[in-house]
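Asker: Okay, here's the structure, questions in a sec.
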Amino acid sequence: MEEVGLDEFFHDLTQEQEWHDADDKKIVDQYRNLLAMLNTVLKDWKVFKIGAVKIDIHIVGRTATGDWAGIKTEAVET
C-alpha cells in the first residue's frame, strides 16, 4: 500500500500534452473538474494505492459534516 497526495496523483492526468487530440483534452478537463470537486467537497483527504501492476485506488476524505466519503477506481501500472 502506498499513500500519495491528491495533487500528486492527479498531476499527470490534469496536464494537456501537445500530442493530445480533442478527445484527450476532454478527458483532461474531466479530471480537472473531478479534482476541483474533490477539493471542494472533501477535506483531510488521502489517496491510497493498493497492489502492484493492477492497483486499487481509494480517494477518501471528510465531508463538511465530518463523515468519511470517497471514490474507488482501478489502474494498471507497468
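Every read-out reported here was derived from the displayed coordinates using simple, explicitly stated rules and does not represent laboratory data. Values in this document were obtained by computation on a predicted structure and should not be read as measured data. Cβ placement follows ideal geometry from the backbone for every residue including glycine, while neighbour counts extend to all protein chains displayed.
Asker: Quick one: net charge around G5, please, counting Lys, Arg +1 and Asp, Glu -1 for every other residue with C-beta under 15 Å from its C-beta.
Answerer: -3
Asker: How far is helix 22-41 tilted off the main Cα axis of the chain, in degrees rounded to 10, range 0 to 90?
Answerer: 20
Asker: To continue, here is another question. Arrange the following residues from fewest to most other Cβ atoms within 10 Å of their Cβ: T63, T14, T73.
Answerer: So the ranking, lowest neighbour count to highest, is T73, T63, T14.
Asker: What does the charge dipole of the chain about its Cα centre add up to, to the nearest 20 debye, if the Cβ of each Lys and Arg holds +1 and the Cβ of each Asp and Glu holds -1?
Answerer: Numbers: 9 positive and 16 negative charges, 85 e Å.
In debye, rounded to 20, the chain gives about 400.
Asker: For E16, what charge total do you get from the other residues with a beta carbon under 15 Å from its beta carbon, if Lys and Arg give +1 and Asp and Glu give -1?
Answerer: -3
Asker: Next up: Can you give the local net charge around K72? Use residues other than it whose beta-carbon is closer than 12 angstrom to its beta-carbon, Lys and Arg +1, Asp and Glu -1.
Answerer: Charge balance near K72 sits at -1.
Asker: Taking the Cα centre of region 2-76 as the origin and placing charges on Cβ (Lys, Arg +1; Asp, Glu -1), which of V47, T65, L34 is farthest toward the positive end of the dipole?
Answerer: T65
Asker: Which value, in Å to one decimal place, does the Kirkwood hydrodynamic radius take for the chain when every pair of different Cα atoms is included?
Answerer: 13.5
Asker: Using helices alone, I'd like the mean residue ellipticity at 222 nm for the chain: each DSSP H run of four-plus residues gives -39500 (n - 2.57), total over residue count, nearest 500.
Answerer: One gets -10000 deg cm²/dmol as the mean residue ellipticity at 222 nm.
Asker: Of the lysine pairs in the chain, how many meet both conditions: Cα atoms under 21 Å apart, and a spacing of 8 or more in sequence or different chains?
Answerer: 5
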